[in-house]
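Since the structure comes first, as structure tokens, the remarks are kept for the end.
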């Protein structure tokens, strides 16, 4: 059963003939008859009886049509939801790392959604990149520029990064946190490799690194978002590194001129501008 099947039942009841239903639904008359026969087989019911050249609904058909009418009302109400909401309507899927979603987007999402009641956001968080070619997301934030792809790409921000070290720990005593080998090309790892540090805690989760640093027994490099408490911690030494981490925004091509997408893109950019000013 699907909505088109139910529309055929209603059209035959209203028009009284397959020809009338055909004209109303703009499908072939033989198609109406064939699909109605299939519907009757699926339901195990006889829906219409022919009398004086008119298709009259059976008692069972009237019961079905009562539900069809209710469904039609709900379908109409669903179609009007967008009309009752100010501004664009849509649902956007945003893919990013957990840290970006939690520390950059989520703190600012409630105000954005309250200002745009027709919009909904779905956050897709993972350390793995989504496959845009498979339409797994509408927007994505990546910390490494993709080599190629069928999507629009632009730089969001240059994120400051800091080395945090416990002041009380003697040289070499602090547990050094590093990222895994696949992130060797990042500014954070380039800096640590140049210092020839021995990484003893390996993780791509910045929350794990931050927790270790907060113990005042570990050192590591973190992006500026989510580091306000560490920067004000007098038991830590924070060194701003010369290189910054780029953040890139990927947008599905078909959404470049979509009103809901444009508002969301502008909001994402504003989120990153805010942390850059902070």
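No lab work stands behind these numbers, since they all come straight from the coordinates. Since the model is a prediction, treat every value here as computed from it, not as a measurement. Don't worry about glycine lacking a Cβ; one is built from the backbone with ideal geometry, like all the others, and counts go over all protein chains shown.
Relative contact order for the chain: 19 percent, from Cα pairs under 8 Å spaced at least 6 residues apart, divided by residue count. For residue 91 and residue 19, a Förster radius of 41 Å and the Cβ-Cβ distance give a FRET efficiency of 0.50, rounded to the nearest 0.05. Against the main long axis of the alpha-carbon atoms of the chain, helix 259-277 sits at an angle near 10°.
Mean residue ellipticity at 222 nm, helices only, the chain: -12500 deg cm²/dmol; runs of at least 4 DSSP H residues each add -39,500 (n - 2.57), and the sum is divided by the number of residues.
Note on residue 239 and residue 217: the extension gain reaches 6.3 nm, defined as 0.36 nm multiplied by sequence separation minus the Cα-Cα distance. Simple spin-label estimate for residue 30 and residue 248 gives 5.5 nm between the two label positions (7 Å along the Cα-to-Cβ direction from each Cα).
At the listed q of 0.14, 0.18, 0.26, 0.34 Å⁻¹, the Debye profile of the stretch 172-215, built from one uniform point per Cα, gives log10 I(q)/I(0) equal to -0.29, -0.49, -0.99, -1.32.
Using bins of 10 Å that start at zero, the share of Cα-Cα pairs per bin across the stretch 3-84 amounts to 18, 48, 25, 7, 1, in whole %. Output the 0 to 90 degree angle, nearest 10, between the alpha-carbon long axis of helix 29-43 and the longest principal axis computed from the alpha carbons of the chain. That helix lies at roughly 80 degrees to the long axis. From the alpha carbon centroid of the stretch 214-278 to that of the stretch 148-195 is 13 Å. Kindly express, to the nearest 10 degrees and within the range 0 to 90, the angle between helix 59-84's C-alpha long axis and the longest C-alpha principal axis of the chain. Rounded to the nearest ten degrees, it is 40.
Extension gain for residue 144 to residue 43 (0.36 nm times residue separation, less C-alpha to C-alpha distance): 30.9 nm.
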